[in-house]
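Input: a single structure, listed below in structure tokens.
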Amino acid sequence: MFNIENLLRQNIKKLIPYSSARDDFKGEAKVFLDANENSLGSPLMKWYNRYPDPHQWKLKEAIGKIKGVPVANIFLGNGSDECIDILFRAFCEPGKDNVIINPPTYGMYEVSANINDVEVRRATLLDDFQLDLVHLETLVDEHTKIIWICSPNNPTANSMNREDVETVLNNFNGLVVIDEAYINFSRHRSFIQELGEYPNLIVMQTLSKAWGLAGLRLGMSFAAEPIIDVYNKVKPPYNIGQATQDLALKALEEVVQVNDMIRALVMMRDELKESLSALPVVKKVYPSDANFLLVKVVDAKAVYDFLLEKEIVVRDRSRVELCADCLRITVGTEKENKELITALEQF
């Protein structure tokens with residue numbers, strides 16, 4: 001039986017969170033003399049002299065309407081990296097607890113674990129890049145706090161079988177984090193609508209990919225209220241700046257345009273896959289539910305270096321498990337994709 005109290009670190013249970021000046025009252029006001037701000041404003045942007053809403057209520061309301069999730073089930077982080085790091089700091093006892101990752105996968109799970117002195121156990125994916133449930137189960141012990149699942153996965157671009165993920169959710173009493181950074185490019189259904197069914201589920205998404213706002217650094221975690229309460233207890237008081245909140249709110253008004261961009265990117269992804277598959281240098285292009293392709297080539301390092309000479313940068317993933325001689329290639333603009341294909345034809 002899942003019980004969040006059994007997972008939390010003792011110091012977090014006792015933690016009294018920082019209370020900002022904006023936490024001390026509710027409602028609207030016209031004179032703010034509580035937070036030691038510069039009342040004369042900034043020489044460049046006078047409206048940014050005030051601290052931002054520490055709980056980002058307006059932004060969460062806008063996100064909640066789009067995602068169909070109550071505000072109480074939303075946490076916003078300074079990029080998904082903050083959403084990841086807080087879970088380690090809140091739930092994993094350094095030098096004692098462990099987490100499980102499923103490589104090849106997003107590298108920040110392991111980096112954040114190492115920063116927080118938390119053991120990482122590796123359930124390497126099967127040859128078809130799906131979860132190895134048998135191996136995963138053998139790694140779980142009483143000190144396993146989190147299982148990280150990236151779906152669609154980075155760098156392999158595939159979605160995990162839904163039944164496999166549900167098996168993990170139903171049989172593990174710790175936290176299961178499903179990182180859906182690329183879900184908008186997938187035909188598969190998000191796990192967000194399953195929050196009410198699984199109290200141990202955390203779904204991460206981002207505005208960096210489909211929404212094209214990587215420079216704003218806005219990550220999102222969706223979970224049951226007790227988990228969101230922990231996030232808010234541990235986070236810095238003003239973790240999302242006012243400029244980010246303002247720009248994100250503006251962007252969220254353009255749902256139709258974003259959906260059009262997603263459809264265009266998916267079409268270009270399929271066209272790029274077809275063009276790459278026809279090249280002699282390419283041995284295989286793996287199926288993709290993301291805005292990138294994992295491409296197996298004859299000699300990844302040689303191809304990577306050749307493309308650099310042509311001033312084209314891709315990602316060499318050939319040293320990653322199960323990805324020998326593989327390049328990860330983001331879907332670019334039509335012009336960029338053509339330049340890539342032209343260059344590879346010359347290799």
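Taking the Cα centre of the chain as origin, sum charge times position over the Cβ atoms of Lys and Arg (+1) and Asp and Glu (-1), and report the length of that vector in debye to the nearest 20. Can you show the working numbers first?
Values: 39 positive and 50 negative charges, 146 e Å.
The calculation lands at about 700 debye.
When only the Cβ of Lys, Arg, Asp and Glu is charged (+1, +1, -1, -1), the dipole of the stretch 256-345 relative to its Cα centre reaches about 240 debye.
Once you order the gyration tensor axes a ≥ b ≥ c over the Cα atoms, which shape class does the stretch 143-247 get: rounded for a/c under 1.5, otherwise prolate or oblate by comparing a/b with b/c?
Note, shape of the stretch 143-247 comes out oblate.
Projecting the Cα atoms of PRO152, GLY174, THR138 onto the charge dipole of the stretch 136-204 (Cβ charges, centred on the Cα centre) puts PRO152 farthest toward the positive pole.
For the residues ILE183, ILE115, ILE101, a GNM of the chain with alpha-carbon springs under 10 Å puts the largest fluctuation on ILE115. Approximating the spin labels as points 7 Å out from Cα along Cα→Cβ, the TYR48-to-GLU254 distance works out to 1.9 nm.
Once the chain from GLU334 to GLU5 is taken as fully extended at 0.36 nm per residue, the excess over their C-alpha distance is 113.3 nm.
Taking the Cα centre of the stretch 188-326 as origin, sum charge times position over the Cβ atoms of Lys and Arg (+1) and Asp and Glu (-1), and report the length of that vector in debye to the nearest 20.
On the way: 17 positive and 19 negative charges, 60 e Å.
In debye, rounded to 20, the stretch 188-326 gives about 280.
Helix 242-251 versus the longest principal axis of the chain: what angle, 0 to 90°, nearest 10, using Cα atoms? Its long axis makes an angle of about 60 degrees. To the nearest ten degrees, helix 255-277 and the longest principal axis of the Cα atoms of the chain are 30 degrees apart.
Note down the net charge around LYS145, summing +1 for each Lys or Arg and -1 for each Asp or Glu among other residues with Cβ under 9 Å from its Cβ. Let's see the in-between values first.
Values: positive: none; negative: GLU93, ASP97.
Here the charged neighbours net out to -2.
The mean sequence separation of alpha-carbon pairs under 8 Å and at least six residues apart, normalised by the residue count of the stretch 60-187, gives a relative contact order of 21 percent.
Per-residue 3J(HN,Hα) values for the stretch 154-160, derived from phi via the Karplus relation 6.51 cos²θ - 1.76 cosθ + 1.60 with θ = phi - 60°, read 10, x, 7, 6, 8, 8, 7 Hz in sequence order (x marks Gly and Pro).
Think of the chain as a dipole: +1 on every Lys or Arg Cβ, -1 on every Asp or Glu Cβ, centred on the Cα centre; then among VAL118, SER208, PRO103, SER208 lies furthest on the positive end.
With a cut-off of 13 Å between beta carbons, the residues surrounding VAL118 carry a summed charge of -1, where Lys and Arg count +1 and Asp and Glu -1.
Here the relative contact order of the chain, from alpha carbon pairs under 8 Å that lie six or more residues apart, stands at 17 percent.
Give the lysines reachable from LYS96 as a straight Cα distance under 23 Å; neighbours fewer than 8 places away on the same chain don't count. In chain and number order, the partners are LYS13, LYS14, LYS145, LYS233, LYS235.
Taking 25 Å as the straight-line reach from the Cα of LYS30, the lysines in range (excluding those fewer than 8 positions away in the same chain) are LYS46, LYS58, LYS60, LYS250. Note: relative contact order over the stretch 287-343, using C-alpha pairs below 8 Å and six or more positions apart, is 38 percent. Seen through its C-alpha gyration tensor, with square-root eigenvalues sorted a ≥ b ≥ c, the stretch 4-253 comes out prolate because a/c lies at 1.5 or above while a/b is bigger than b/c. Computed from Cα positions, the angle between helix 225-234 and the longest principal axis of the chain comes to roughly 80 degrees. Sorting MET267, MET204 by the number of Cβ atoms found within 10 Å of their own Cβ, with the fewest placed first, yields MET267, MET204.
With the Cα gyration tensor of the stretch 211-347 giving a ≥ b ≥ c as the square roots of its eigenvalues, does the rule (a/c under 1.5 for rounded; else a/b larger than b/c for prolate; else oblate) give rounded, prolate or oblate? All intermediate terms of the calculation are to be shown ahead of the outcome.
Details: a/c = 2.50, a/b = 1.90, b/c = 1.32.
Prolate, since a/c reaches 1.5 and a/b exceeds b/c.
Where does each of LYS335, LYS273 land when they are ranked from fewest to most other beta-carbon atoms within 10 angstrom?
Details: LYS335 8, LYS273 19.
Arranged by neighbour count, lowest to highest, LYS335, LYS273 become LYS335, LYS273.
Read-outs throughout are calculated quantities, based only on the coordinates presented, and are distinct from any laboratory measurement. Here the structure is a predicted model, which is why all the values come from computation and not from measurement. Cβ atoms come from the backbone with ideal geometry, glycine included; neighbour counts cover every protein chain shown.
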